[in-house]
Amino acid sequence: MQRILEMVGAVVLTHLANIGRITMLYGETMRQVTRRLRLRSIIYQMAHLGADSLLIVGLTLLFTGVVLTLQIAHEFIRYGAQSTIGAVIAIGIGRELGPVLVGVVCAGRVGAAITAEVDALRVMAVSPVGYLIVPRMLACMIVVPILTVFGDVIGVYGGYLTAVYYSGISPYTFTHSITQFAQIYDMTGGLIKA
């Protein structure tokens, strides 16, 4: 029994130590934000995360719209609800899928770039928080909502192409359902998430 409690205690202590490190990193990041910002580095990161991510974000959400429409169009047509396909695609991508997938793409790009540089900066006695984390965080705060809007439009367009050319739904039915059922909050809610 004591061995089980020791194992559980070790797991709990490991998780608490990780939470503590993350909290300290967050505090250091917020402290560094109030200091002199490296504008050139922020602009470079915005270009790297924004413009360089357009293609992968566009392809990811284009195929998401295509696959989502392929999955639901047949069933909606069978039950006579084809007049709602456009709205379901727009709401699904605008509220949930767009922000999540853009966030995953950007997190992957930031994480892959930052891992190798942190150890090198520590060896050179340069703060990785001020040099790496703050510019990337601020760049992400600016670029991710813009990429989300771009991705949402491309994803709905992918759904439109699939609905019209594969499932046989008229272009008017698809676009009219978006204007009829989707609300502005469906898009702005996703932007708030981003």
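The values are calculated or read from the model by the stated rules, or taken from the named source; none is laboratory data. Everything quoted here is computed from the prediction, not taken from an experiment. Neighbour counts are summed over all protein chains in view; Cβ atoms, including those assigned to glycine, are modelled from backbone coordinates with ideal geometry. We work out accessible area using only protein heavy atoms, side chains counted, and drop any ligands, DNA or RNA first. Shrake-Rupley method; radii C 1.70, N 1.55, O 1.52, S 1.80 Å.
For region 121-142, the tally of residues that are in contact (Cβ under 8 Å) with a residue 60 or more places away in the chain and open to solvent by 10 Å² or more (accessible area, probe 1.4 Å) stands at 10. Do we have I91 as under 21 Å from T162 (Cα atoms), in a helix (DSSP H, G or I), aliphatic (A, V, I, L, M) and open to solvent by 60 Å² or more (accessible area, probe 1.4 Å) here? No: the conditions fail for I91. Among the residues of region 1-42, the ones that are in contact (Cβ under 8 Å) with a residue 24 or more places away in the chain and either open to solvent by less than 100 Å² (accessible area, probe 1.4 Å) or part of a helix (DSSP H, G or I) (or both) come to 9 in all. Within region 183-192, identify whether any single residue is surrounded by 20 or more Cβ atoms within 10 Å (Cβ to Cβ), acidic (D, E), in contact (Cβ under 8 Å) with a residue 12 or more places away in the chain and out of contact with any Ser or Thr (no Cβ under 8 Å at 6 or more places or on another chain), and answer yes or no. So far as region 183-192 goes, no, none of its residues is surrounded by 20 or more Cβ atoms within 10 Å (Cβ to Cβ), acidic (D, E), in contact (Cβ under 8 Å) with a residue 12 or more places away in the chain and out of contact with any Ser or Thr (no Cβ under 8 Å at 6 or more places or on another chain). When each of G108, G168, G155 is tested for being crowded, with 19+ Cβ neighbours inside 10 Å and of a type outside the set (S, T, Y), the lone residue that passes is G155. Of the residues making up region 45-79, those that are outside any helix (DSSP H, G or I) and either in contact (Cβ under 8 Å) with a residue 24 or more places away in the chain or surrounded by 14 or more Cβ atoms within 10 Å (Cβ to Cβ) (or both) number 1.
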